[in-house]
Each structure stands twice: as C-alpha cells, then as structure tokens.
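Read through the structure below, which is laid out as structure tokens, and then see the notes.
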Amino acid sequence: MFEGEGRCALDEKGRFNFPARFREEIGETFKVTRWLEDCLVAMPMHQWERLKSKLMTDSLVKGSKVRRKLFGGAVTVSPDKQGRILLTPELREHAGIDKEIAVLGVGEVVEIWSLEALRAMDMKDESDEIEAAMLELGI
C-alpha cells in the first residue's frame, strides 16, 4: 500500500528522482501512464497486468476509450542507479509537468502530478465535498 508524498524536480532530460519510499514496493520495473485529473500514475507490473486483463475482457463500449487513454500513454520504466526515471514528452504534456513534481502514494498506485496542478486542485476542492465523500464512504 503506497502512502505519503514526495516532491522533486524534473531535470533538463525529462528525468526525476522517483522517491525511495515507493521504489522498493513498486519494484525494479514498473508502468507509468496517463491517469485521471491530468496526472500520471505509476504502478507495479502485477497491478498493470491485472488492470490490463480487466480492460481486455470488459465488453463495455467505453472500455475502448479507457484502453486508449491508459495503453496509449503507457511506458515501462526502471529507475537508474540514482533512482531517476524518464518521463516521455507526451506524459509530461498530459500532466502539465515542466519542473516541480509531487509524487503521492494513494493506495495501490502512485500518482505523479505537476506540483502547480496539484496545488490548484487542492485549492479548488471544497471541504464540504471532501466531507460529503468521507461520510458516503463511512469514514
């Protein structure tokens, strides 16, 4: 289970240091792809295979749109000796990442955000909406 937040910066080659707190659990090789709310997601290979299986057997018409979004942007990454991973220009564009990055553990996956976009979303999220969602979840 991924938890916590790390902040880092993109270098001139499009790499950033994937936080050590997540590297051990996510594995030596993992997937990064486009995700909801204009962020990216990183997930262990076993989680990716489970998601891929579900999407390939799903007969929903909307499944093709989800497959296009997730599979079309997917890359397999392996951190280098310094723990850096490379984000493709397409992934950086999708998430609006140009320099500062926030990496959030959110359960089974790790979200990768432009720090600016995450701050803007946090400011937009109304505490009433969060409270209603928590109540609905029984928290």
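Any of LYS65/LYS124; LYS13/LYS81; LYS65/LYS99; LYS31/LYS54; LYS31/LYS52; LYS52/LYS99 with alpha carbons more than 22 Å apart? Name them for me.
With Cα atoms farther than 22 Å apart: LYS65/LYS124; LYS65/LYS99; LYS52/LYS99.
P(r) for region 1-128: what percent of alpha-carbon pairs falls in each 10 Å bin, starting at zero?
13, 44, 32, 10, 0
Given a 1.4 angstrom probe, I'd like the percentage of the accessible area of the chain that is carbon and sulfur, rounded to a whole number.
Heavy-atom surface of the chain belonging to carbon and sulfur, 1.4 Å probe: 52 percent.
If you filter region 76-139 for GluC sites (Glu not before Pro), then keep DSSP loop positions with at most 11 other Cβ within 10 Å, what is left?
Answer by residue number: GLU126.
Keeping every protein chain present and rolling a 1.4 Å probe, give me the accessible area per residue for region 1-51 in Å².
Per-residue accessible area for region 1-51 comes out at 56 Å².
Could you put MET56, MET134 in order of accessible surface area, largest first, with the 1.4 Å probe and the full protein assembly present?
Putting MET56, MET134 in descending order of accessible area: MET56, MET134.
Please give the solvent-accessible surface of LEU51 in Å², to the nearest 10, using a probe radius of 1.4 Å with every protein chain present.
Surface accessible to solvent at LEU51 totals approximately 40 Å².
The values are calculated or read from the model by the stated rules, or taken from the named source; none is laboratory data. Bear in mind that the values here come from a model prediction, so they are computed numbers and not experimental data. All Cβ positions, glycine included, derive from the backbone under ideal geometry; neighbour counts span all protein chains shown. Surface accessibility is based on the protein's heavy atoms, side chains included, excluding ligands, DNA and RNA. Shrake-Rupley method; radii C 1.70, N 1.55, O 1.52, S 1.80 Å.
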